[in-house]
Amino acid sequence: MFKVEKKHGLVLIFTLVLTLTLVGAVYAGVGGGVEGKEKVDIVPLIEWTLVFLAGLGTVFGIILALAAKKFAVQTDPRVEQVLDVLAHAHCGACGYAGCEQYAEAVVKNPDISPNLCIPAGAKGAEAVARITGKATVAMEPQFARIMCQGSWSKSVKRFKYEGVQDCRAAILAGGGDKACRYGCLGYGTCSRVCPFGAITMSNDHLPVVDITKCTGCRKCEAACPTKVIEVLPASRQVLVTCHSKDKGGDTRKNCQVGCIACGICAKVCPFDAPSVTNNLSRIDINKCKVCGLCVPKCPTKAITDFIPHRSKAFIMDNCIGCQICSKVCPVNAPSGELKKMHTIDKGKCIGCGICTAKCPVQAIDGTFNAQEVFAAAAAKKTKKAEAA
């Protein structure tokens, strides 16, 4: 089950070689005063030299064998097997200094989960679990979210920065050049440290995360000096993308899309997910049902909906006409008589999914509609072409 990894006593060997060399030099110098001869037979000298080297090699071989046995370290071969299936990003997302340290820990410690290597994904977690004989639990993917929308054109700067184009360097210049000390500086440090090329910078100097490449390794999160990057579960897609704790008036002066702590989001949310603390609204991801009702109500557009398209709800044939959907809908999209099949006005429906969750017979479907998505994408493309 175990293999031997040889650790030689280099110091011991070096000492022995040096000692033998000195001894040989001493004996070579003995008899230096012997009378010289006109001719010297070098054949015996070569023979004795070869014998000496052979004996020296034998001695060293024995010493190396003994040293290898003495300093041998037993390692579990499963460590290398685990190491082969890890991502080798050395990102630290697992909580260890590197992939080798995690591989050793997950093999030796039964309490270490096999799915801590986030960049390796579900397949990597399954492979580690299979090698270590542990049970793996599926983990929800996590993505980096940029918690700031204050691009250079939408925010105010205190001075013109002309130093090294790096956020960590810019922050040393009086806390950065932005008037909002909580905002993204826009010099692209996160994009350069990302080992997967998941972050690019927009033309307006704001990071853009490609969730198809992002692994949630947290390198960008650690590198950001203003901490505007958060790695969050993929299901949390309605967020207040602002970190400003300044008073509402100051925030409005510094940024067009900053949270002014007006509290409207908390008033319209049917699940009490948003709350205002220290001049900033935050959405409790454990309470949020991702309905998106707060998004259009925010006066500064500080709340971001990361769902690219919300499918409209539609009522199926098993509707019993209980009218619960009409009572819970925040935009009055469902309609119909009692005990008769209802209908949904798609012009009003915002795809929040509240009626789907409340329907007692599950007669309302709000799942992904590919035809609607393609139609919306085609319309957007046509509109963009016409504008150009």
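Criterion first (assigned to a loop (DSSP other than H, G, I, E, B) and modelled with pLDDT of 90 or more) does T226 satisfy it?
Spelling it out, T226 is indeed assigned to a loop (DSSP other than H, G, I, E, B) and modelled with pLDDT of 90 or more.
Considering K178, K154, K160, which residue is assigned by TED's automatic domain parsing to the domain that holds S202, in contact (Cβ under 8 Å) with a residue 12 or more places away in the chain and over 20 Å from K227 (Cβ atoms)?
K160
So which residues in segment 227-253 are of a type in the set (A, V, I, L, M) and surrounded by 15 or more Cβ atoms within 10 Å (Cβ to Cβ)?
V228, I229, V231, L232, V238, L239, V240 - these are the residues of segment 227-253 that are of a type in the set (A, V, I, L, M) and surrounded by 15 or more Cβ atoms within 10 Å (Cβ to Cβ).
Just name the residue that is surrounded by the most Cβ atoms within 10 Å (Cβ to Cβ) out of those in segment 306-364 that are of a type in the set (G, A, S) and under 28 Å from I285 (Cβ atoms).
Among those residues, the one meeting the criterion is A313.
Of the residues G216, G258, G248, which single one is in the same structural domain as A179 (by TED's automatic domain parsing), farther than 23 Å from G175 by Cα, touching a residue at least 12 places away in the same chain (Cβ under 8 Å) and not hydrophobic (A, V, I, L, M, F, W, C)?
When all the criteria are applied, what remains is G216.
Cβ-Cβ below 6 Å, separation at least six or inter-chain, first residue in segment 281-297 and touching a residue at least 24 places away in the same chain (Cβ under 8 Å), second crowded, with 19+ Cβ neighbours inside 10 Å and in a helix (DSSP H, G or I): which pairs?
S281/C265; C291/I354; C294/C265
Report yes if N115 is of a type outside the set (A, V, I, L, M, F, W, C) and surrounded by 15 or more Cβ atoms within 10 Å (Cβ to Cβ), otherwise no.
Taking the combined requirement at face value, the residue satisfies it.
So, in segment 276-315, exactly how many residues are in a strand (DSSP E or B) and within 20 Å of C148 (Cβ to Cβ)?
Matching residues across segment 276-315 total 9.
Could you list all residues from segment 146-176 that are assigned to a strand (DSSP E or B) and over 15 Å from A223 (Cβ atoms)?
Matches in segment 146-176: S155, K157.
Within segment 193-223, how many residues are assigned to a helix (DSSP H, G or I) and either surrounded by fewer than 22 Cβ atoms within 10 Å (Cβ to Cβ) or touching a strand residue (DSSP E or B) at 6+ places or on another chain (Cβ under 8 Å) (or both)?
Matching residues across segment 193-223 total 5.
Within segment 325-339, is even one residue of a type in the set (D, E, K, R) and part of a helix (DSSP H, G or I)?
yes
Counting only residues that are within 21 Å of A357 (Cβ to Cβ) and among the polar types (S, T, N, Q), which one in segment 276-311 is modelled with the lowest pLDDT?
S311
The values are calculated or read from the model by the stated rules, or taken from the named source; none is laboratory data. Just so it is clear, the structure is predicted and the values come from calculations on it, not from any experiment. Using ideal geometry, Cβ is built from the backbone for each residue, glycine included, and neighbour counts are taken over all protein chains shown.
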